[in-house]
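To start, the structure itself, in structure tokens.
The values are calculated or read from the model by the stated rules, or taken from the named source; none is laboratory data. As the structure is a prediction and not an experimental result, all values here were calculated from the model. Counting neighbours? That spans all protein chains shown, and the Cβs are built from the backbone with ideal geometry, glycine included.
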Protein chains: 2
Amino acid sequence: MNIRENIRPGGRSARVQASVHEAVRGLLSTMDRSDVTIPLIAAKAGVTPSTIYRRWGDLQELLADVAVERLRPDAPPKDTGSARTDLTQWAEQYADEMASGPGRAMIRDVLSSVAIDSRNAGKCCGYTREQVQVIAERARDRGEDFPNVETVIDKLVAPIMYRILFDDVPPNSEKVLALVERLLPQQR
Amino acid sequence: MNIRENIRPGGRSARVQASVHEAVRGLLSTMDRSDVTIPLIAAKAGVTPSTIYRRWGDLQELLADVAVERLRPDAPPKDTGSARTDLTQWAEQYADEMASGPGRAMIRDVLSSVAIDSRNAGKCCGYTREQVQVIAERARDRGEDFPNVETVIDKLVAPIMYRILFDDVPPNSEKVLALVERLLPQQR
DNA sequence: GATCTAAAAGCAAATTATTTGCTTTAGCGT
DNA sequence: ACGCTAAAGCAAATAATTTGCTTTTAGATC
């Protein structure tokens, strides 16, 4: 029910969390998500089901917890020399990752858990903001014009995500390019 | 597992569906969603649990099915005399409804079920498109300039929905107004 | 370094939800 | 009216979840 923050690293809690997360990742990669159950995860993680129930409450919370971890970017956006190309490359990768089967599943997991713990979706949004922020700061350092981060969210990130979540047709490379064009209109 | 389309109206199936839906709506209005279970719904609907399991598969699918119904607009957008005001009023109402507690819960229900039946999210998106389409056609009939529907989705609907789903701060009236301004720049 | 403590994990019994095979019912076409 | 089929009911079997209690363990204190 309550996913604790601030687990001291190296303690027993941390070990349990790590093995449970790993078990979840392993199972999700092997089998259909609808066949993944808490008793199964517990067995694979070498832990009692009640431990998982007490720590996470239910499967959705646990999946959300794992998904948030996996949605955290592992590196800042690549520096390609200009804001336009930085943003284009970042957005294309973002769209691809999120539109992929596992990407969509992770987003759904994160959103499903919001009822109980609304921090999850906010975290994802935060990761995205940070990435855009990095591109924005680089642009500023180069002396380029660049819209503020919220504008980028509205005009680029939001349409990508909306299409992925609600539309049958996830945004392809052309679509992403068109969105970036609208956002950074003047070609030098 | 499979939610059937084309249930002949007036048949037994239709009656069961209606009483189950009504039971769900009733329970959701009374109690916390995490306390709503299939056996409970079944009892309230005067139906066996196994009927629900066989027709809907699980609670998420059933909740999604009910949510899609409730997200269907019951009337076309009001005709206020101009595209700008039509769109503004429609968008403000849309944002309010979706950002409300029940609205967010319904969106989440719909999105959670996508794994098994991806038609649900598409339907919602479809309803929105239809509403915007109506506004667009009225604008055309009046001889007003109006962007195409996909542009409205990208620049207005998507940011609203993104903020609702991922951000802590759902879009207020000012924010919606600003988005409409960006979409229909010239005041006239 | 031994001891105490509190938080978290294990265990197992009780409860509750889900699945399933089989039977019954109701609506539809003839 | 009669039969056929799809869906509903029923109940037993299985599986998941909750819960009270016990045990373990990491960290704090002496």
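If a residue must be of a type in the set (Phe, Trp, Tyr) and not in a helix (DSSP H, G or I), how many such residues does the stretch B:131-167 contain? Steps first, answer last, please.
Filtering the stretch B:131-167 for residues of a type in the set (Phe, Trp, Tyr) gives B:146, B:162, B:166.
Within this subset, residues satisfying the condition of being not in a helix (DSSP H, G or I) are B:146.
Of the residues in the stretch B:131-167, 1 are of a type in the set (Phe, Trp, Tyr) and not in a helix (DSSP H, G or I).
Restricting B:Leu28, B:Leu71, B:Leu63 to those that are under 30 Å from B:Glu181 (Cβ atoms) and within 14 Å of chain A (Cβ to nearest Cβ) reduces the list to B:Leu71. Yes or no: the stretch B:87-102 includes at least one residue that is modelled with pLDDT under 95, of a type in the set (Ser, Thr, Tyr) and surrounded by 14 or more Cβ atoms within 10 Å (Cβ to Cβ). Within the stretch B:87-102, not a single residue is modelled with pLDDT under 95, of a type in the set (Ser, Thr, Tyr) and surrounded by 14 or more Cβ atoms within 10 Å (Cβ to Cβ). Listed by first and then second residue, the pairs linking a residue in the stretch B:129-143 that is assigned by TED's automatic domain parsing to the domain that holds B:Gln89 to a residue that is of a type in the set (D, E, K, R) and part of a loop (DSSP other than H, G, I, E, B), with Cβ atoms under 8 Å apart and 6 or more places separating them unless they lie on different chains, are B:Arg138/B:Asp79; B:Ala139/B:Asp145.
Among the residues of the stretch A:5-48, write down those that are near DNA strand D (Cβ under 8 Å from one of its atoms), touching a Leu at 6+ places or on another chain (Cβ under 8 Å) and of a type outside the set (Val, Ile, Thr). Listed by number, the list holds a single entry, A:Leu40. The residues of the stretch B:56-76 that are away from DNA strand C (no atom under 15 Å from the Cβ) and of a type in the set (A, V, I, L, M, F, W, C), listed by number, are B:Val66, B:Ala67, B:Val68, B:Leu71, B:Ala75.
Screening the stretch B:49-89 for residues that are among the β-branched types (Val, Ile, Thr) and without any contact (Cβ under 8 Å) to a residue 12 or more places away in the chain and picking the one that is nearest to DNA strand D (Cβ to nearest atom) gives B:Thr80. Total residues in the stretch B:44-55 satisfying the condition of being assigned to a helix (DSSP H, G or I) and within 9 Å of DNA strand C (Cβ to nearest atom): the figure is 6.
Kindly evaluate A:Leu40 against the criterion of being assigned to a helix (DSSP H, G or I), at pLDDT 95 or above and either within 16 Å of DNA strand C (Cβ to nearest atom) or crowded, with 17+ Cβ neighbours inside 10 Å (or both). Here the answer is yes, as A:Leu40 does meet what is asked.
Residues are listed down the side, and each one gets a yes or a no for (1) surrounded by 15 or more Cβ atoms within 10 Å (Cβ to Cβ); (2) more than 11 Å from chain B (Cβ to nearest Cβ):
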| site | (1), (2) |
| --- | --- |
| A:Pro147 | yes, yes |
| A:Asp154 | yes, no |
| A:Met161 | yes, no |
| A:Ile164 | yes, no |
| A:Pro171 | yes, no |
| A:Ala178 | no, no |
| A:Arg182 | no, no |
